[in-house]
1. What is the residue count in segment 307-325 for residues that are under 18 Å from residue 283 (Cβ atoms), open to solvent by less than 20 Å² (accessible area, probe 1.4 Å) and in a helix (DSSP H, G or I)?
2. Restricting attention to segment 176-193, and to residues there that are of a type in the set (S, T, N, Q) and assigned to a helix (DSSP H, G or I), which single residue is least open to solvent (accessible area, probe 1.4 Å)?
3. Mind counting the residues in segment 155-186 that are under 18 Å from the mean Cα position of the chain (by Cα) and either at pLDDT below 90 or among the charged types (D, E, K, R) (or both)?
4. What's the number of the condition residue 75 fails, among (1) under 21 Å from the mean Cα position of the chain (by Cα); (2) under 30 Å from residue 191 (Cβ atoms); (3) not small (Gly, Ala, Ser)?
5. Which numbered condition in (1) over 18 Å from residue 215 (Cβ atoms); (2) surrounded by fewer than 19 Cβ atoms within 10 Å (Cβ to Cβ) is the only one that residue 391 fails?
6. Can residue 375 be described as modelled with pLDDT of 85 or more, over 21 Å from the mean Cα position of the chain (by Cα) and either closer than 13 Å to residue 48 by Cα or in a helix (DSSP H, G or I) (or both)?
7. Which of (1) open to solvent by 20 Å² or more (accessible area, probe 1.4 Å); (2) in a helix (DSSP H, G or I); (3) more than 18 Å from residue 52 (Cα to Cα) does residue 333 not meet, given it meets every other one?
8. Residues 152, 147: which one is surrounded by fewer than 22 Cβ atoms within 10 Å (Cβ to Cβ), at pLDDT below 80 and hydrophobic (A, V, I, L, M, F, W, C)?
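The values are calculated or read from the model by the stated rules, or taken from the named source; none is laboratory data. Quantities reported herein were computed from a predicted structural model and do not represent experimental measurements. Glycine also receives a Cβ, built like all others from the backbone with ideal geometry; neighbour counts cover every protein chain displayed. Surface areas here come from the heavy atoms of the whole protein model, side chains and all, with no ligands, DNA or RNA. Shrake-Rupley method; radii C 1.70, N 1.55, O 1.52, S 1.80 Å.
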Amino acid sequence: MKRLQQTGMVAVWILTIGMSLLAICYTMIIPFLPVYLLELGVEQEHLALWSGLSFSISFFISAVMAPIWGRLADQHGKKLMAIRAGILIGVSYLWGAFVQDEYQFLLVRAFQGFANGFMPAAMTMVSLSVPKERVGTAMGIFQMGLVLGNTVGPLTGGLTELAVGMRPVFMVAGITLFIVTAAIAIFVKEPQVESAAPVKVTSFKEDLQEAKGNKVLLHILGLYFLVQSAMLMLQPIVAIYVGELKGSMEGAAMLAGSILSGGGVMGMIMTNVWAAYGQRRGYFRVISYGLLGTGTVLLLQSLPFGLWWFGILQLLIGIFIVGIFPSLGSAMTVNTDPSVRGRVFGLATTSQQLGNMMGPLFASVVATYWGTSYVFLVAGIGMILIGYVVLKVHGNRPNIL
């Protein structure tokens, strides 16, 4: 048994490294999409709209595809789905390096939505590679890799964009994804599912019907949607907001990357702290504290007092936000059967991607008609309200019933 657990942790670490590299590639590019759209010829007054469209189309298609990939993962293996996603995402990044206008780039983002699914497949393998009582630790390690990637990526992308533009960043990201995929194909084994329930072939409608019978799971899926909506309101406009605070868009991408990376460093420090606390006191308690803390800091960031104010507060966001998503994944793991884990993570991905779609669209409307700082205000208020409800409804819920 001990040897099996050790083998499981080896898989966890390999998947964590792979997820970290994937996150680096993602955050080298995604926060700077508005800058790339400017390079492609989008005018400043249309930038918020095109940024929202470019973000949202990928997430909408990913939301549609996630349950399909999840069912295929349960039927044919999570490893196969991770390999599929890695190859296709790599292709999409290479394609992104050669687009000539915003319409071609919109097609690239649409294809990325179709290709998506690496993270839920990897998370499912992580959750199945360790005993249930160690899921919090495994998810914490996985989140640490994700935070590391989110820390390194924006700074790397900002520096590269400043030096040579965005196109080489896309090429590096594509090649890196191919290397990550090859490593998983060679070194990671398909985890064994220990469950009395056989794997069933079901439709998306049947998956939803089954989820309706699990009240806690429904709440978790709702939280994925709401939290992701609030977070993705911010991602398309961070570089724009930094440019406004700076007084110029020149060098704004590098500066935004540096500020985001600072928050990531604080997140790395706190990842295992939140994971340990969640295993002792309950994952929902960590989720509520993370939401309340993040929402409060976002309210403060909406006050345009300058770059130093914004940057220091970003460090505080890193402390709080890092506890939310691994705790959601851990809570979902301990409240579902392993035989349907792929489909459950597929539903969670659908909820996230719908949030990813709605957030940027809503943010583009708020930024266009009210101003960029109001995006932080609205997102902050939303997170505080969600955190309060979670604390009231699930604050005392144990991890294993």
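1. Within segment 307-325, residues that are under 18 Å from residue 283 (Cβ atoms), open to solvent by less than 20 Å² (accessible area, probe 1.4 Å) and in a helix (DSSP H, G or I) number 1.
2. Ranking the candidates gives 181 first.
3. So the count comes out to 2.
4. So residue 75 meets the others, but not (1).
5. So the condition that residue 391 fails would be (1).
6. no
7. That leaves (1) as the condition not met.
8. Matching residue, one of 152, 147: 152.
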